[in-house]
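The values are calculated or read from the model by the stated rules, or taken from the named source; none is laboratory data. Note that this is a predicted model, so its numbers are computed, not measured. A quick note on method: Cβ atoms are made from the backbone with ideal geometry, for glycine too, and the neighbour counts reach across all protein chains shown. We work out accessible area using only protein heavy atoms, side chains counted, and drop any ligands, DNA or RNA first. Shrake-Rupley method; radii C 1.70, N 1.55, O 1.52, S 1.80 Å.
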Amino acid sequence: MVKTSSQPDKKPHFAFPKSFFWGSATSSHQVEGGQDNNWTTWEKEHAGELSRGSQKAFDTPSVHWYRMKDQALDPANYISGQAVDHYNRFREDFDIAQDLKHTMHRFSLEWSRIEPQPGQYDEAALTHYREVIRALHSRNIEPMVTLFHFSLPKWVEARGGWTSAETLKSWRNYVSKVVDALGDDVTYWCTVNEPEVFSTFSYALGFWPPQQRSFLKAARSYASLLPRAHIDAYRIIKRHNPKAQVGAAKNNMWYQATGRFVSPILERLAVWWGNHVFLDKIRKYQDFVGINYYFKYNLKGFGGEIDQQNPSEIGWGLHPEGLAVILQDLHKRYAKPVIVTECGLADSTDELRTWYLKEILRAVHRAMEAGVQVQGFLYWSLLDNFEWDKGFWPQFGLVSVDRKTQKRTIRPSAREYTKIIAANGLD
Ligand code: BGC
């Protein structure tokens, strides 16, 4: 836009540094389509059961059940299938990200494509991801590459997944292969996504494959094997390129005690176990702390629950101010730069997204004024996608996708985000 003297360059009230990265994130299983991994098998076996249980799970006061019940009651909703066909349409999707002025994009590699059988690597899959990375660079978008975002090759799952030390050996081979193939083109790496969510859902609560219920297995995976996987990957990447920037994506919650006696002690315990065990273990092996923020958690007596005040479409309470608390806590403990590797909401009608984005960015700014070095913000997600055991009905995208035609439509909030990016801040 041509500036005239009547349009002076007004500095936004909440101005961000020039080097700040703005963008969004996706993960392979949720957008690519055409997968053959531990989730694809599980989805087919459980679609009927998930659809039958959906009314009980989601017909609650904080969820707009009437809006999504047709989808939620349909077993096809729970099968990732062609997803949003991002594997074939990544160029078109990155054209959109470029149009929206994004400067960073986080995506994950699908291990099951790269190593479909133990020790057998598929060069075509590596070439594909090389093209993905080049497509981002050519649009001036900095790639951030995630190595593990919840989906595993079937053969890894069969050997015990992240509860087996065998997996660490396979992981090191996979990471070395990937870093040899792609490492020259990638600066920002995210090793593992949300170790605590993955371990809790897969091995403690039994919601996700392989649906086990063992606190010990969950603890072993979250507090032992996944930190080791991160450290091994960190070393492999740094050996290849000492200047690479390596972190993990940790989902931290804003814990609040609501009782007077037991809860404050429990709050400390919850903050330690939920937010810091993993980060403490990898503290010497990260260039930035990657943080995903979605939840406030209220502790009451010996129990607790996810806050549902001011809910998004899936009933998760929206508390933008909590991110400032979490960022300051990270700064105090780790004194490292932070990248918000995910933050977003399900909102098919786009009623709340602009409000949430603005409030969350003001919270990020407040934390920066208090001394936290935040290097970037990645909205979850660029596209509507496959939301794990909930399937397709929760719509997190800046861009909506009609899955029958695969047509992409940019939501109004995405344009509002672009205005913020263009101004490098907001009022
Ligand atoms: C995960 C994403 C997920 C998002 C919304 C994060 O827990 O990394 O895969 O889609 O939150 O639930």
*Extent of region 111-198 along each principal axis, from alpha carbon coordinates, in Å, largest to smallest?*
40, 29, 16
*When the Karplus curve 6.51 cos²θ - 1.76 cosθ + 1.60 is applied with θ = phi - 60°, which whole-Hz ³J(HN,Hα) does each residue of region 62-69 get, with x for Gly and Pro?*
8, 10, 7, 4, 4, 6, 10, 5
*Whole-number Å³ per residue for the convex hull built on Cα positions in region 211-290*: 112
*For the chain, alpha-carbon Rg and Dmax in angstrom*: 20.7, 67
*Debye log10 I(q)/I(0) at q = 0.14, 0.17, 0.22 Å⁻¹ for region 283-388, Cα point scatterers*: -0.60, -0.85, -1.21
*State, to one decimal in nm, how far the label point of ASP350 lies from the label point of ARG91, with both points 7 Å from Cα in the Cβ direction.*
2.6
*Which cross-chain or sequence-distant (5 or more) residues have an amide H under 5 Å from the amide H of TYR297, H modelled 1.01 Å from N in plane?*
TRP254, TYR255, GLN256, ASP307
_Tell me the Kirkwood radius of region 1-119: reciprocal of the mean inverse pair distance over distinct alpha-carbon atoms, in Å._
18.4
*Report ³J(HN,Hα) in whole Hz for each residue of region 286-293, in order, from the Karplus equation J = 6.51 cos²θ - 1.76 cosθ + 1.60 where θ = phi - 60°; Gly and Pro get x.*
8, 8, 9, 9, x, 10, 9, 10
*Considering amide H positions built from the backbone, and no H for Pro or chain starts, which residues 5 or more places from THR146, or on another chain, come under 5 Å of its amide H?*
PHE107, SER108, LEU109, CYS190
*Vicinal HN-Hα couplings computed from phi for region 358-375 (Karplus, 6.51 cos²θ - 1.76 cosθ + 1.60; Hz; Gly/Pro x)*: 5, 5, 5, 6, 5, 5, 4, 5, 4, 5, 5, 5, 7, x, 7, 8, 8, 9
_Fluctuation leader among LEU357, LEU330, LEU205 - the chain, Gaussian network, Cα springs under 10 angstrom_ = LEU205
*Evaluate the Kirkwood expression for the hydrodynamic radius of region 153-215, namely the inverse of the mean inverse distance over all pairs of different C-alpha atoms, and round to one decimal in Å.*
13.1
*Mind giving me the FRET efficiency for LYS177 and GLN212? R0 is 30 Å, r the Cβ-Cβ distance, nearest 0.05 is fine.*
0.55
*Out of ASP350, ASP85, ASP122, any idea which swings most in a Gaussian network model of the chain, alpha carbons joined below 10 Å?*
ASP122
*asked:* Cut-off 19 Å, label point 7 angstrom out along Cα-to-Cβ of SER19: give me the residues of region 88-108 whose amide nitrogen falls inside.
replied: 103-105
*To the nearest 500 deg cm²/dmol, what mean residue ellipticity at 222 nm is calculated for the chain from DSSP H runs of n ≥ 4 alone, each contributing -39,500 (n - 2.57), summed and divided by the residues?*
-12000 deg cm²/dmol
*Who wins for biggest fluctuation among SER221, SER138, SER51 in a Gaussian network model of the chain, springs between alpha carbons below 10 Å?*
SER138
*Multiply the residue separation of ILE265 and ASN424 by 0.36 nm, subtract the distance between their alpha-carbon atoms, and state the gained length in nm to one decimal.*
53.2 nm
*Summarise the accessible area of the chain (1.4 Å probe, protein heavy atoms) by the percent that is carbon and sulfur.*
52
*What is the Cα coordinate range of region 186-251 on the first, second and third principal axes, sorted by size from largest, in whole angstrom?*
40, 16, 16
*More than 25 angstrom apart: percent of Cα pairs within region 52-192*: 45
*Please list PHE107, PHE58 in order of solvent-accessible area, largest first, computed with a 1.4 Å probe with all protein chains present.*
PHE58, PHE107
*Given the convex hull of the Cα atoms of region 223-366, what is a quarter of its surface area in nm²?*
9.9
